[in-house]
Amino acid sequence: MSAIKQNIIYNSILTTSNLIFPFITFPYVNRILNPEGIGVVNFANSFIQIFVILCSLGIPFYGIREIAKVRDDVSLRSKLVWELTFLKLCCFALILIVYIALIFTVPKFNNMLPFFLWGITSILLSVLDFNYFFTAIENFKFITIRTVAFQIVSVFLTFVLIKTPQDTLKYFLLPIIILLLNTLVNLNYLRKFVSWNGYKLIGHLKRHYKPLLLLFSILLFSSVYNLMDTTILGFMAGDDSVGFYSTVYKINRVPISIIMVVAPVLIPKISVEFSQGNFSEIERLLSKTLRLNIFVGVALMFGVVAIAPEIVEILAGKAFEPSVVTLTIMSPLALIIGITTCFSTQFLVPAGKDNLLMKAVLFGTVISIILNVVLINFFRHNGSAAANIITEIIVLLLCYYYASKSVSVKLPLGFLLKNILVCLPFVLIAYAVRTYSPLGTVPDFLLIIVLCTLYFFLAQKYILKSEIYNEIENFALSKLKR
């Protein structure tokens, strides 16, 4: 089995676990903490994550790209890891001053001070995040085993510790505990690949400044339009709206995670191809990934629309019914992000065209802030959802425009339209089941999924005669025959 296919399998397992484990606890926690409690936790997290991203300095992308180039040289990769960690520590010291000043001076934070004080731990632990290193050396097996193990621990602790609406802070602290355990395991395992005397090699830090400044700017502005919508919503509309919106955002992590399975695996591969100047292989990988993302993304989009009422009721409860419209508005998110990733992190970043990606993200950030401020006034959480979708479309178009100047990969609009037309009946299938089935919410939910899935594969095979479907079918059959 090729390394790429093996890594995709590991990443698929990781993605599946990231979907299953959170949703084991999701209905339980939502019903205990209610929209207000969920809103408080997610408002605090959205603010803290901005500083986590600031502290990362763009290293998650930069580190993958640079370490992938020298991964077979212990001395060079050790030197690189120590230099990047030193830079993150310096950044943490500066950011901590700003963070502490804000949490003690902004009135909105007064009643939530314990959350923000514990948030300092999250920011500090992000300095010691070496996932970028294990991704760069394509050690997806370790990432998968470690993550699944701690997800099991997290589920167990959730059911043991979260019992009443007063356990909001405990729920907030659980990810920090898991992050601490992850960090300890990462540091221990890192010793096998990095020399601990590497700190003696630190030098010539200036060579990192320019590329990191560009990637830092990209992450800064992308964090604004990915996290500030929740923060702005919290200031303008209250904790219940944040609860409705953040619940939808968590639900959307399922289709987004599914469509992002391939991306982390291909970034190191494409980085190596760029270093060797193999543009034909780059175009082949991007074109194939683009069509696969459309194939999966369109089905996920219409699937979410079809079962939005059932998803919200089953996972969050009737108290979150206002989230149904929000979820419908945000249903195209996975498709849009999947296509954008092909041109941004899978092309512009490995190609070293970080400045172009920064322009796209900067423009998207400005649009996001304007749209959120305007639309939240009229539509609250639904306004944030609409602002999010419009912003992502704008960033997609800009990334495609910049990438198309360097590589001959086009948006397959005909392929996109065909898949949209094929998936439209999902909505009719859901309506028919909802109208005529006497079974109830959960059985209806499962029946809609089964019928839509069966219809989708039959339509792909016999109506569209899709090459992607045939490849998936042949791969599955080859595995069953072994």
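Ranking 391, 347, 377 by how far each Cα lies toward the positive end of the dipole of region 302-405 (charges on Cβ) leaves 347 at the top. Converting phi to 3J(HN,Hα) with the Karplus coefficients 6.51, -1.76 and 1.60 and the offset θ = phi - 60°, region 76-89 yields 5, 6, 5, 4, 5, 4, 5, 5, 5, 5, 4, 5, 5, 5 Hz in sequence order, with x at every glycine or proline. Candidate cross-link partners of residue 250 among the aspartates and glutamates, defined by an alpha-carbon separation under 19 Å and a same-chain spacing of 8 or more, comprise 36, 229, 239, 240, 310, 313, 321, 392. Heavy atoms of the protein chains alone define the surface here; on that basis the chain has 44 Å² accessible area per residue at 1.4 Å probe size. At 20 °C and 1.002 mPa s, grab the translational diffusion coefficient of region 320-377 from Stokes-Einstein with a Kirkwood Rh over Cα pairs, rounded to a whole number in µm² per second. Taking Rh from Cα pairs, D becomes 159 µm²/s. Normalising the average separation of contacting C-alpha pairs (under 8 angstrom, six or more residues apart) by the number of residues puts the relative contact order of the chain at 21 percent. For region 57-130, the carbon plus sulfur part of the accessible surface works out to 73%, probe radius 1.4 Å.
Based on alpha-carbon centroids, what's the gap between region 42-113 and region 361-380 in Å, whole number please? Distance between centres, Cα-based: 26 Å. Each stretch of four or more DSSP H residues adds -39500 (n - 2.57); spread over every residue of the chain, this sum gives -28000 deg cm²/dmol at 222 nm. Put a dot 7 Å past the Cα of residue 93, heading toward its Cβ, do the same for residue 321, and the two dots end up 5.6 nm apart. Residues in region 177-185 carry Karplus couplings, in order, of 4, 5, 4, 5, 4, 4, 5, 4, 5 Hz; the curve used is 6.51 cos²θ - 1.76 cosθ + 1.60 with θ = phi - 60°, and Gly or Pro positions show x. For the chain, the dipole from Cβ point charges (+1 on Lys and Arg, -1 on Asp and Glu) about the Cα centre works out to 1180 debye, to the nearest 20. Placing +1 on the Cβ of every Lys and Arg and -1 on the Cβ of every Asp and Glu, with no other charges, gives region 336-426 a dipole of roughly 160 debye about its Cα centre. Mind running the shape call on region 334-482? Use the C-alpha gyration tensor, a ≥ b ≥ c as the square roots of the eigenvalues: rounded below 1.5 for a/c, prolate if a/b tops b/c, oblate otherwise. It is oblate, given that a/c is not under 1.5 and a/b is not larger than b/c. Across the cross-link table entries 88/206; 210/359; 88/353; 418/465; 88/170, which are compared at the Cα atoms, the separations over 19 Å belong to 88/353; 88/170.
The values are calculated or read from the model by the stated rules, or taken from the named source; none is laboratory data. All values derive from a computational prediction rather than experimental measurement. FYI the Cβ positions are ideal-geometry reconstructions off the backbone, even for glycines, and counts take in every protein chain you see. Ligands, DNA and RNA are stripped out before the accessible areas are found, and what is left, the full protein with its side chains, is counted by its heavy atoms. Shrake-Rupley method; radii C 1.70, N 1.55, O 1.52, S 1.80 Å.
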